[in-house]
Amino acid sequence: MLAVMILALVGIAIYRFVETQLLAIRFSTENTIHRGSIQALAAVLNEEFCNLPAAEPNAILGEAHKFNGKSSDEVEWLTQSGNGLFTEASEGEWKATLILRPDDGKNTYTLGLLRQLPDSTSKDLNWLPLLHNVDAIEIRYFDQQLNAWLEKWSDGQNRPSLVRIRIWRLNEPLPYDTVIELPPTKLPS
């Protein structure tokens, strides 16, 4: 009977050890997937911002918003169709907006792209969700002339030299932070 009890205790200890390890692996895998998806988004935005149309005014614009006391900033830019905006099958210039939208019936938000052809009036037709369970997004623009970070960018003739994007995921205290350097461009006045 003593041997059976010892075997039972060893079995329970092994079961708890394996269960703990499986939970740790699941948490690590989910964390890696979340981090990878944000890094992939940052890489797409880096590519998009570095390839803004050279001679277009208003090629990048940004607005600062708050929703329920949290940052819900937006950035809008002009781009060509292609892999970065997942628009390979279409042609021409697009207007893309990185925007945070509330999920239906939930207290969570989805970060995604609102893609429009310049002559399109419907915004819902080209919504592309990218990241779920986003708590907030903060976008700042560095103006070299002022030597300061700005909450919004409305100068259609000039471009910021840097764009800083901070994304908070749900239940994560620290944001993912990336800074994108834009090529120097001064448009004709």
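For the stretch 76-95, does any single residue satisfy the condition of being among the charged types (D, E, K, R), surrounded by 10 or more Cβ atoms within 10 Å (Cβ to Cβ) and touching a residue at least 40 places away in the same chain (Cβ under 8 Å)?
Yes, because at least one residue in the stretch 76-95 is among the charged types (D, E, K, R), surrounded by 10 or more Cβ atoms within 10 Å (Cβ to Cβ) and touching a residue at least 40 places away in the same chain (Cβ under 8 Å).
Restricting to the stretch 11-56, name every residue that is among the charged types (D, E, K, R), open to solvent by 80 Å² or more (accessible area, probe 1.4 Å) and under 20 Å from residue 184 (Cα atoms).
Result: 47, single match.
Condition test on residue 3, is it farther than 22 Å from residue 128 by Cβ, open to solvent by less than 60 Å² (accessible area, probe 1.4 Å) and either outside any strand (DSSP E or B) or of a type in the set (A, V, I, L, M) (or both)?
no
The values are calculated or read from the model by the stated rules, or taken from the named source; none is laboratory data. The structure presented is a predicted model; accordingly, all values stated were derived computationally and were not measured. Here the Cβ is made from the backbone with ideal geometry for all residues, glycine too, and neighbour counts use every protein chain on show. Accessible surface is based on the protein model in full, side chains and every heavy atom, while ligands, DNA and RNA are left aside. Shrake-Rupley method; radii C 1.70, N 1.55, O 1.52, S 1.80 Å.
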